[in-house]
Structure formats: structure tokens, C-alpha cells
Amino acid sequence: MLKRISPDTVYNPKDFGFVHATSNGSVMMTTGMTGRDVDGAVVSGSFSEQARQALTNIQSIVESQGKTMDDVMKVTTYVTDARYGEEYLKILNEFFSPGKRPASTMVAIAALWDERQLIEVEAFVDVS
């Protein structure tokens with residue numbers, strides 16, 4: 001049975017028509033998290049601030065299930081400009097213990113659905 005997860009430490013997704021994550025008891029998959037704060041507002045036009053907020057949102061979801069970022073198995077990241085790559089990798093590594101970093105894919109895309117958004121990150125998490 002799937003568990004649907006939307007902690008109140010992340011913006012309310014009901015207005016967008018989804019939940020923040022689903023879990024089958026072994027693996028939790030998050031929705032793509034962007035740089036939106038708990039009120040649903042894009043934090044700023046700064047890539048680094050949006051990246052940190054997106055990863056903070058992932059962390060909030062992970063921790064709501066009693067897990068840590070060390071339990072993240074894989075992240076997939078979409079950025080609107082490939083030049084953000086090096087900056088993002090530095091920020092990503094702030095969220096994971098050395099030696100416990102997840103598998104990672106980064107893809108440069110033309111745009112996200114809200115043109116103010118510069119990054120979207122989704123995660124697969126071991127919750128067994």
C-alpha cells in the first residue's frame with residue numbers, strides 16, 4: 001500500500017494537485033522540489049538560494065519519515081542553465097556526509113513550468 005506524504009514543513013501542494021512524496025515502505029520517491037519556501041513563494045531569483053531551498057525541502061520530507069539525507073539513494077536534478085553545474089555540486093555536497101553521497105544525475109533543460117524557477121530536484125530514499 002502506498003503512503004502519501006506531505007509534511008507541513010514544506011509548502012502545501014494541494015493547490016498544485018500532488019503530494020510531496022510517496023512510499024511503498026522500502027523506497028520513498030519525492031516530487032521534484034524547487035526553490036519554494038513553506039508559503040509556496042519562490043525564495044529569490046538567485047540560483048544558489050533556490051538550490052538550497054529545494055534541497056532543504058527534500059531534507060524536510062526525508063526527516064519527516066525519521067530518516068536522514070544519508071538515506072537518500074539518488075537525486076535527479078534539472079537546471080535551466082548548464083553553467084549552474086559546478087555551483088550546484090558544491091551546494092549538493094553541503095547536504096550529505098562525505099562518503100555517503102547519493103547517486104546523482106543532472107540535466108540541463110530549457111525551462112521549468114514556472115519561469116522564475118531555476119532548479120528542480122527529486123530524490124529516491126531508502127525508508128526500509
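Looking at the structure I just gave you, is residue 59 in a helix (DSSP H, G or I) and over 19 Å from residue 127 (Cβ atoms)? The answer is no for residue 59. Residues being in contact with an Asp or Glu (Cβ under 9 Å, 6 or more places away or on another chain), buried (at least 18 other Cβ atoms within 10 Å of the Cβ) and at pLDDT below 95 are represented in segment 11-29 by at least one member. Just one of the listed residues (51, 110) is over 26 Å from residue 2 (Cβ atoms), out of contact with any helix residue (DSSP H, G or I) (no Cβ under 6 Å at 6 or more places or on another chain), aliphatic (A, V, I, L, M) and outside any strand (DSSP E or B), namely 110.
Is there a residue being of a type in the set (Ser, Thr, Tyr) and free of Cβ contacts under 8 Å to residues at least 24 places away in the same chain anywhere in segment 99-111?
no
Take segment 78-99 and flag every residue that is part of a loop (DSSP other than H, G, I, E, B) and either among the basic types (Lys, Arg) or on the phi > 0 side of the Ramachandran plot (or both).
Matches in segment 78-99: 99 only.
Residue count for segment 17-48 under the criterion of being part of a strand (DSSP E or B), of a type in the set (Gly, Ala, Ser) and either more than 14 Å from residue 123 (Cα to Cα) or in contact with a Ser or Thr (Cβ under 8 Å, 6 or more places away or on another chain) (or both): the result is 1. Residues that are within 13 Å of the chain's Cα centre (by Cα) and either polar (S, T, N, Q) or not in a loop (DSSP other than H, G, I, E, B) (or both) within segment 118-128 comprise 119, 120, 121, 122, 123, 124, 125, listed in sequence order. A single member of 23, 48, 64, 44 is free of Cβ contacts under 8 Å to residues at least 12 places away in the same chain and of a type in the set (Ser, Thr, Tyr), and it is 44. Test residue 72 against the stated conditions and say whether it is modelled with pLDDT of 95 or more and either surrounded by 12 or more Cβ atoms within 10 Å (Cβ to Cβ) or in contact with a helix residue (DSSP H, G or I) (Cβ under 7 Å, 6 or more places away or on another chain) (or both). Answer is yes for this residue. The single condition from (1) in contact with a helix residue (DSSP H, G or I) (Cβ under 9 Å, 6 or more places away or on another chain); (2) surrounded by fewer than 16 Cβ atoms within 10 Å (Cβ to Cβ) that residue 62 fails is (2).
The values are calculated or read from the model by the stated rules, or taken from the named source; none is laboratory data. Since this is a predicted model, take the numbers as computed values, not measurements. Cβ coordinates were reconstructed from backbone atoms using ideal geometry, including for glycine residues, and neighbour counts include every protein chain displayed.
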